[in-house]
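Everything below concerns the one structure shown next.
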Amino acid sequence: MTLHVPFDNSYGRLPDRFFSRLAPTPVAKPGLIEVNDRLAAELGLDAEALRSPEGVSALAGNAVPEGADPLAQVYAGHQFGGWNPQLGDGRAILLGEVIDANGIRRDLQLKGAGPTPYSRRGDGRAWLGPVLREYIVSEAMHALGIPTTRALAAMTTGEPVIRNGALPGAVLTRVATSHIRVGTFQYFAARQDLEAIEALTDYVIARHYPEAGDALGLLEAVIARQARLVARWMGVGFIHGVMNTDNSSVAGETIDYGPCAFMDAYHPGKVFSSIDQYGRYAYAKQPEIAVWNMAQLATAILPLIDPDQNTAVEKATEAVHRFPDIYQDTWIEVFGAKLGLADTSRDDVPLIEGLLGAMARQGADFTRTFRGLTDDTARAEFAEPQAFDAWAEGWQARRPDDWQARAAAANPAVIPRNHRVEQAISAAVAGDYAPFRTLNAALSTPFELSAGHAHLAFVPAPEEEVRQTFCGT
Ligand code: AMP
Ligand code: MG
């Protein structure tokens, strides 16, 4: 069986200073963990060929498939608010692009593929834990209908990776509509490389926002997508964990799953990331941080918005200030649907916030409470169920006849709970991939829970609870 990847590469045609061309570093002993059949089909790839020795070798970085143009992209970024002028793919290599079944250009990237000129002190590798976490969570996000990068495959390297001790190495094949970040624009802006910003702007417009027309149109379009994306995260209790500008995709996909997590008990101030000491990227802070990130993008492309700086600032500010309205409208739509409401408006905000407030005070589980609205089990999630009953009176008066079907379609029964992700990783490290596969299977249809997967909807027992997640390094 021969592997044929119909590459159609465009990023490599940008000026040389956008990337460094280099091949992945081969690994000792490539091994297959998983190939995503449905995504492979969507990309026009033969999953069996990806599973063949030739495919496994390519996906572990040991052979460069024909037509690939492997390169590491350069970018910069604000990390936890602090400026870092030089980042880039430090452990990822873009193999190239393919046009998918819907005519959309998608990047194929190997994450954990060895050092690059942007690795700084890193080893360019990933261990099994973050690779499986990104696989599980990104695919779950997709099944929930939320824009995200995808996971095409996971391979083991047969090499240890040294973190806190030796851990098994792995490589993830990530698929994205592109890997262009706010930080990509910032990199060139910081160097006052106007020519590069122009080339990048043209490229992003042509690739992602053909209707945008110009730099201002692009900014408005990115802001709208980002606002809708973050509102959708909020609707599933997702905390990204590292919303740095280098982890913010201009295509509006969720990208760079590091210390991310879905909440169990609802609390707006919840933080999981072990490195987020001050709660900068707490659940409820996410919209505000996204606005900040969008302001950084606006700053980077300012000279293209208008030749007159004051006019440019005025127009960019206006665009950034539109974020809260777009966010709020989407948020109401998302949470309105979760309550089974049909035509939502700003008047529904008190009802939605009434429930969230009670949930926070009572330590109610986010996913189970919303799902429980459809089958009368929500009240049991409250330490004092009367708190739920008091809120539910107003809800019952407001909801339409078909509320139940609406709510069932908007509230997943199963999300990648942290303790289950951790258990899948621990088992895999010990050589057992069954929990990883079971979890993926359940998460592929999050709105239906089969009897065999019932345990995946339970909250963690106190001893199973995960309070911190660690960066994907
Ligand atoms: P992240 O926090 O995962 O978004 O990573 C921030 C930056 O550090 C990115 O430019 C990564 O490519 C780089 N990086 C993270 N881990 C490694 C590693 N093990 N080796 C080299 N570079 C890394
Ligand atoms: Mg990153």
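Quick look at the numbers
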quantity	calculated
Pairs where the first residue, in the range 285-314, is more than 30 Å from H267 (Cβ to Cβ) and the second is among the acidic types (D, E) and at pLDDT 95 or above, C-beta under 7 Å, 6+ apart	L304/E198; A312/D306
All positions within the range 76-96 that are in a loop (DSSP other than H, G, I, E, B), crowded, with 22+ Cβ neighbours inside 10 Å and more than 7 Å from ligand 1 (Cβ to nearest atom)	A76
Output for the range 394-443, where each listed residue is outside any helix (DSSP H, G or I) and surrounded by fewer than 13 Cβ atoms within 10 Å (Cβ to Cβ)	P400, D401, D402, A430, G431, D432
Hey, F238 in contact with a strand residue (DSSP E or B) (Cβ under 9 Å, 6 or more places away or on another chain), outside the structural domain of F80 (by TED's automatic domain parsing) and among the aromatic types (F, W, Y) or not	yes
Subset of the range 310-329 [more than 19 Å from N293 (Cα to Cα) and surrounded by 15 or more Cβ atoms within 10 Å (Cβ to Cβ)]	D329
Residue match in the range 259-270 (condition: within 16 Å of ligand 2 (Cβ to nearest atom), assigned to a loop (DSSP other than H, G, I, E, B), surrounded by fewer than 24 Cβ atoms within 10 Å (Cβ to Cβ) and at pLDDT below 95)	yes
Some residue of the range 388-397 being out of contact with any helix residue (DSSP H, G or I) (no Cβ under 7 Å at 6 or more places or on another chain) and closer than 19 Å to Y266 by Cβ	yes
Meets criteria (buried (at least 24 other Cβ atoms within 10 Å of the Cβ) and within 13 Å of the chain's Cα centre (by Cα)) for F185	no
Filtered residues of the range 105-128 (kept if small (G, A, S) and buried (at least 24 other Cβ atoms within 10 Å of the Cβ))	G112, A113, A126
Residues within the range 71-107 that are of a type outside the set (F, W, Y) and in contact with a helix residue (DSSP H, G or I) (Cβ under 9 Å, 6 or more places away or on another chain), tallied	23
Subset of the range 444-470 that is surrounded by fewer than 17 Cβ atoms within 10 Å (Cβ to Cβ) and of a type in the set (S, T, Y) - its residue that is farthest from G169 (Cα to Cα)	S450
Members of the range 35-68 found to be surrounded by fewer than 18 Cβ atoms within 10 Å (Cβ to Cβ) and under 26 Å from P115 (Cβ atoms), listed by number	P53, E54, V64, E66, G67
Candidate set: the range 176-192, residues that are assigned to a loop (DSSP other than H, G, I, E, B) and over 27 Å from L39 (Cα atoms); chosen: the one nearest to ligand 2 (Cβ to nearest atom)	R191
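The values are calculated or read from the model by the stated rules, or taken from the named source; none is laboratory data. The structure displayed is predicted, hence computed values, not measured ones. So basically every Cβ, Gly included, is an ideal-geometry build from the backbone, and we count neighbours across all protein chains shown.
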